[in-house]
Each structure stands twice: as C-alpha cells, then as structure tokens.
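Engineer: Mind having a look at this structure? Questions to follow.
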Amino acid sequence: MRVTGTGHASMRIDTAAGSILTDPWVNPAFFASWFPFPDNSQLDWESLGQVDYLYVSHLHRDHFDAENLKRYVSKKAAVLLPEYPTSELEDELRELGFRSFIKTKNEEVVELDGGLKIMIQALISPTDGPIGDSSLWVEHDGIRLLNQNDARPSDLSRFAELGHVHAHMLQFSGAIWYPMVYELPEAAKRAFGKQKRERQFDRTWRYIDDLKADHVFPIAGPPCFLDDSLYQFNDIFGDEGAIFPDQSVFVSEYAKVGGTNGVVLLPGSVSELNAEGGITTEHPVPVDEFFANKAAHLEEMRERKRPIIEAEKASWRHPEIDVLAEMKRRIEPLLEASIYMAKGVGGPVRFDLVGYDGESVESIVVDFPGKEVRAYADEKVRYRFKTERALIEHLLFIGEVDWVNSLFLSCRFSAARIGQYNEFVYAFFKCLSQERLQYAEGWYDEHERAVEAESIELGDWEVQRRCPHLKADLTRFGIVDGDQLTCQLHGWRFDLPSGRCLTSVGHKIRAARKDA
C-alpha cells in the first residue's frame, strides 16, 4: 500500500486493487482565513485526481474544496459516502458532477473490486462537524490503514476489531477559534490556550494508545493564516498558548511520552507500507530542514497568496441586503421551530456589525426566548459576537446554512460571553435550514430522553458510564480529581456532588459517592 501526502487531511492511497483520494483541500477556506500548510497548491493535481475512488470525510471547507474537486478530480471516481442523516454531502458532490456513489452503512465493511475493503464510521451528533464527521478504514492484501482525520469517536474499538492497523492518521492540532477571539486579557488567553493545547495532545495520545498501530501520521492540521490580521495565530512566535502546533512539534511532544513511530507527510511525501509492519518514506525536501525554515515559508506564502485574499475580500460586500430584515426572514421561522436549542441558549445573542467605514456599528439581537430577531434594545445578552457587516451580508447572499463552519472558523470576529460555554449557541447557528434544525432537535430530544442505566466506579464515586455531552466512555476518558470529573475527550468538567456540568449549560451527570 502506497500513501502519498497531499496536504492537511488529504492523501492518495494506492493499492493493486485501486486508488482512493481523500479530502483534497487546496484553496483557502472560511473567508480566506485558512490555507493548507505546508503549501500543496503546486502539486500535480491533474494526475493526483485520476483515481478510482473519492472519499470526502465531511463538509468542512478544509476537507470539501468544491473548486479543486470540480476542476481536478475524475468524475469517473466512485464516491465512498458516509451514512449521514442529511443528504447535503451527496447533493453538493452531485452538483460538482459526481455520479457514482457507494453509499456505505455505518461501521459495515464493504468489499470493493479486487479485494479492496473499506469501512466508514460516521459520527452524527449536531456537534460533529457540520452535522457529521467520519473516519475511513482501508484494507488490502493484509495491510490496514485508518484515516481518522479530525473525527473524535468515543473509542476506536470497532476499528481494532477488524485486525491490527499498520497506519493510523489522526489530528493533533487545533481547529477552532477558542480562545483567540475572546475579549480577554492576554494572560488569560495564553493560559486557556496552553490548557487547550495540552488537552489536544492528551486526546491524541489516548487515540494512539487505543489503536497501537505500527505507524502514526499527524494530519488534519494545522492550517496557516496568511491574512495580516490573522497572521499572529501561526505557531512561530514561541507562544505556549498557541493552539496550532505543527507536525514537527507533534514529533517532539510525542517523543516525550515515548512515541517513536511518528511519520510526517509533506505534500509529495510517499510512504510504502507492507504487511509485516515495515515502512519506507521519501520526502520532496528534508522534513527537519523544512520546519526549521517555517517562518520563511510562511512569509513567502503570505506574499504569494495576498492577491487571492484581496480578491476574496472584494467579493464579500452586498450593500443591497437589509441585514436585519433578511436575518428576521431566515432565522425567525427556525426559532419558532426550535425547542431544545432555543431553551438551551436561554437568552438573547447579539451581533455587532462593523460598517464599511470600520467604525459604525449596527447591533442585532437573536432573541431565543422571544423567538425573534430585532434591533438591540440595550439589554443584557448571554453571548456577543462582533464582526464586519460585509461577512454577514455575504453569508445571507449565498444562503449559507452553517455560520459556525464559515464565519466562526474564519476567526474574523471577536466574542464575549456571560457565564459558561453554551454548546447550543453554536449548534443553532450550524443549523440554519429546516432540514438541519429538525434533525438536531430530534437528536437532542432522543438524547434528553435517553436513560443512562449503566454505572461505573471512578475513585470514590459511582457515575454513569457515558459522558452526558457526547456519550464518551468514562471508563476510558473519565478522570476524577476530588469532587470533579473531567471527560478528556473534549475536556468537559462536572461537579460530582451536584451533578452539574461546569463547562456548559445543561448536561447534568448522574453521580453518587460509593459510601453514601
């Protein structure tokens, strides 16, 4: 089995029974904020795109690059489609010209021509990607590969059941806007960033230890930020709170916990795997030398990509759009239909829109209890987002149904909140269509009504086995320190005496002292 690195979470997998191209992302994503690093735009995509199969893990735009898919990937390729609750991924791929689809069933092995076997695990909670994330398992001629990309399953047991894995590809770096965009003192942001960075690595070590693959490939990050206003997010300034460490940092941190089987793929790197666990890897340039010159590479990319960023910015303004009226038209019917998410948000959310002059501000409130969108009336709000009016205009102009995986991931905003993180705020703004909203409401309804009967013992406590957040197995991810439990899959914390979630609104845990 041959694996060619093609950047970020993308790779080409070649076997004697066929080839698979995964998540081919090249063009900037999220309002021209994210770029692949190392740069992969100069690869021979004409050749790379001539494959038998295409796998797009989910609709995040750093995985689903419509322009690259349309231009370079063979429309004869059969799409390996995850089993998602909505048809959006298939619909968008059909719009690009793809006609052959292999619709997989969740966690069921499919045997393709020539003895090539694949299995896709689909994650389908409202907080998984844009209503879905997935991982791809591949086997041919006794060699097994797991491309976990940036999916976060509660465990990897299903993959382990299928036999020893030779190559494990997984995320290790950040892919979020927290804590950088929050209006906090710099010292606090640095402390929160350091905590998040450590948690990212801890989660990665757990996944690696679960699967015990022969070789571990750090992928799916980090992006790089080339716009001048975002450039400080690149991990080149010695900031211990930077949440976007690169592959060279992964190798260094992995060594601290005894890891010696890490393999870095640059764009154009080629790894050959065999069934005995052997591997040979050739790189287009020496890996250590490349990352030693990271700052210079970023500077060169910044100048080369500047015209692309400026062209994108010029396309965002739509002054003909009445933002308040259009937000009312689109969002109020969704508020009316929302039960669980509206209750979960529990208060008004404010958008401060900075005008074209860079100074004037229009404030709009999405009032979840009142089920309306209106002008701000000088009341207290639970969440506040501040961004350029042009960005909201563009979202409304294109009919974007997912503001989380567009505006928020762009990091082109600042935020403030009162109280804890509220998952429902982001879940709602990911579901700005009736199809998504109805699915998410149904998921929360089922989740709310589910009775968690099984219990486990952690320290001095008997607690429910599954985390109330996304049902991670607390026998593996639960850590008790005094009267607090932390689920290390996503870092959520709970006060055990009261059962109260300390990380977000809702999500109470069932717990009791063993001696009570």
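The values are calculated or read from the model by the stated rules, or taken from the named source; none is laboratory data. Values in this document were obtained by computation on a predicted structure and should not be read as measured data. Positions of Cβ are backbone-derived with ideal geometry, glycine not excepted, and every protein chain shown enters the neighbour counts. What goes into the accessible areas is simple: the full protein's heavy atoms, side chains included, and nothing from ligands, DNA or RNA. Shrake-Rupley method; radii C 1.70, N 1.55, O 1.52, S 1.80 Å.
Engineer: How long, wide and thick is region 192-344, going by the Cα atoms along their three principal axes, in whole angstroms, largest first?
Structural biologist: Largest first, region 192-344 extends 62, 43, 33 Å along its Cα principal axes.
Engineer: Provide Rg and Dmax in Å for region 84-180, with only Cα atoms included in the calculation.
Structural biologist: 14.9, 48
Engineer: Any idea what the relative contact order of the chain is, in percent, if you count C-alpha pairs under 8 Å spaced at least 6 apart?
Structural biologist: On the way: 1015 pairs, mean separation 63.8, N = 516.
Over the chain, the number comes to 12 percent.
Engineer: Normalised by the residues of region 39-119, what does the relative contact order come to in percent, with Cα pairs under 8 Å and at least six apart?
Structural biologist: Numbers: 91 pairs, mean separation 20.7, N = 81.
Once divided by the residue count of region 39-119, the mean separation gives 26 percent.
Engineer: Just check region 1-110 against the gyration tensor rule for me: Cα atoms, a ≥ b ≥ c as the square roots of the eigenvalues, rounded for a/c under 1.5, and otherwise prolate or oblate depending on whether a/b exceeds b/c.
Structural biologist: Cα axes put region 1-110 in the oblate bin.
Engineer: Further, regarding this structure: Across the Cα atoms of region 234-322, what radius of gyration and what greatest pairwise Cα-Cα distance (Dmax) are found, in Å?
Structural biologist: 19.1, 63
Engineer: Can I ask one more? Mind checking which lysines have their C-alpha under 23 Å from K305, skipping anything on the same chain fewer than 8 residues away?
Structural biologist: K70, K294, K313
Engineer: Can you give the charge dipole size of region 474-516 about its Cα centre, rounded to the nearest 20 debye, using +1 on the beta carbon of Lys and Arg and -1 on the beta carbon of Asp and Glu?
Structural biologist: In debye, rounded to 20, region 474-516 gives about 160.
Engineer: Using alpha-carbon pairs under 8 Å, 6+ residues apart, how would you state the relative contact order of region 307-383 in percent? Don't jump to the answer; show the numbers that get you there.
Structural biologist: Details: 84 pairs, mean separation 22.2, N = 77.
Taking the mean separation of contacting Cα pairs over the length of region 307-383, I get 29 percent.
Engineer: Take the Cα pairs of region 369-452, get the Kirkwood Rh, then feed it into Stokes-Einstein at 4 °C and 1.567 mPa s and tell me D in µm²/s.
Structural biologist: Estimated diffusion coefficient is 88 µm²/s.
Engineer: A follow-up question, please. With N residues in region 42-106, what two-decimal value do you get for its Cα radius of gyration over 2.2 N^0.38 Å?
Structural biologist: 1.07
Engineer: Between E95 and E67, with labels modelled 7 Å along Cα→Cβ, what's the label distance in nm to one decimal, could you check?
Structural biologist: Computed distance between label sites E95 and E67 equals 1.6 nm.
Engineer: Would you report the distance distribution of C-alpha pairs in region 318-374 as whole percents per 10 angstrom bin, up to the bin with the largest distance?
Structural biologist: 23, 47, 23, 7
Engineer: How large is the dipole of region 379-510 about the Cα centre if only Lys and Arg carry +1 and Asp and Glu carry -1, each at its Cβ, rounded to the nearest 20 debye?
Structural biologist: Roughly 500 debye for region 379-510.
Engineer: With only alpha-carbon atoms counted, please give the Rg and Dmax of the chain, in Å.
Structural biologist: Cα only, the chain: 22.8, 68 Å (Rg, Dmax).
Engineer: Here is a further query. Provide the packing ranking of 127-138, 205-216, i.e. peptides ordered by the mean count of other C-beta atoms within 10 Å per residue, highest first.
Structural biologist: Ranked from most to least packed, the peptides come out as 127-138, 205-216.
Engineer: Apply the Kirkwood formula to region 147-264: the hydrodynamic radius equals the inverse of the mean of 1/r over all pairs of different alpha-carbon atoms; give it in Å with one decimal.
Structural biologist: When all Cα pairs of region 147-264 are included, the Kirkwood radius is 15.2 Å.
Engineer: Follow-up question, since we're still on this one. Show log10 I(q)/I(0) for region 277-397 at q = 0.10 Å⁻¹, two decimals, from a solvent-free Debye sum over equal Cα scatterers.
Structural biologist: Taking Cα atoms of region 277-397 as identical point scatterers yields -0.53.
Engineer: Could you tell me which of T104, L123, S135 has its Cα farthest along the dipole of region 92-137 towards the positive end, charges placed at Cβ (Lys, Arg +1; Asp, Glu -1), taken about the Cα centre?
Structural biologist: So the residue we want is T104.
Engineer: Okay, moving on. Leaving out ligands and nucleic acids, note down the accessible area per residue over the chain with a 1.4 angstrom probe, in whole Å².
Structural biologist: Heavy-atom SASA per residue in the chain reads 40 Å².
Engineer: Would you mind pulling out the separation of the Cα centroids of region 158-178 and region 179-197, in Å?
Structural biologist: Between the Cα centres of region 158-178 and region 179-197 lies a distance of 26 Å.
Engineer: Here's a follow-up. Any number yet on Rg/Rh for region 1-56, C-alpha, Kirkwood?
Structural biologist: Looking at region 1-56, the ratio lands at 1.00.
Engineer: In nm², what is the average projected area of the convex hull enclosing the Cα atoms of region 394-516? Mind showing how you got there, number by number?
Structural biologist: Numbers: hull surface 36.4 nm².
Value for region 394-516: 9.1 nm².
Engineer: Something else now. Give, rounded to the nearest 20 debye, the magnitude of the charge dipole that the chain has about its Cα centre when Lys and Arg contribute +1 at Cβ and Asp and Glu contribute -1 at Cβ. Walk me through the numbers on the way to the answer.
Structural biologist: Working: 59 positive and 83 negative charges, 173 e Å.
In total the dipole reaches around 840 debye.
Engineer: If you take the Cα Rg of region 342-409 and divide it by 2.2 N^0.38 Å, with N the number of residues, what do you get?
Structural biologist: 1.13
Engineer: Among V285, L298, I309, which residue has its Cα positioned farthest towards the positive end of the charge dipole of region 268-315, with +1 placed on the Cβ of Lys and Arg, -1 on the Cβ of Asp and Glu, and the dipole taken about the Cα centre?
Structural biologist: It is I309, whose Cα lies furthest towards the positive end.
Engineer: Under the 0.36 nm per residue contour assumption, what length would be gained going from the current alpha-carbon distance of F237 and E400 to full extension?
Structural biologist: Full extension from F237 to E400 adds 55.2 nm.
Engineer: Still on this model: For the chain, with all protein chains present and a 1.4 Å probe, just round the carbon and sulfur fraction of the accessible area to a whole percent. Spell out each step's value before the answer.
Structural biologist: On the way: 9850 of 20800 Å².
Carbon plus sulfur share of accessible area: 47 percent.
Engineer: Okay, moving on. For a protection proxy built on the mean count of beta-carbon atoms within 10 angstrom, sort 65-76, 391-402, 93-104 highest first, please.
Structural biologist: So the peptides 65-76, 391-402, 93-104, ranked by packing, come out 391-402, 65-76, 93-104.
Engineer: Going down the list K189/K328; K196/K328; K196/K514; K343/K380; K76/K103, which pairs span over 24 Å between their C-alpha atoms?
Structural biologist: Details: K189/K328 34 Å; K196/K328 36 Å; K196/K514 32 Å; K343/K380 17 Å; K76/K103 16 Å.
K189/K328; K196/K328; K196/K514, as the Cα separations exceed 24 Å there.
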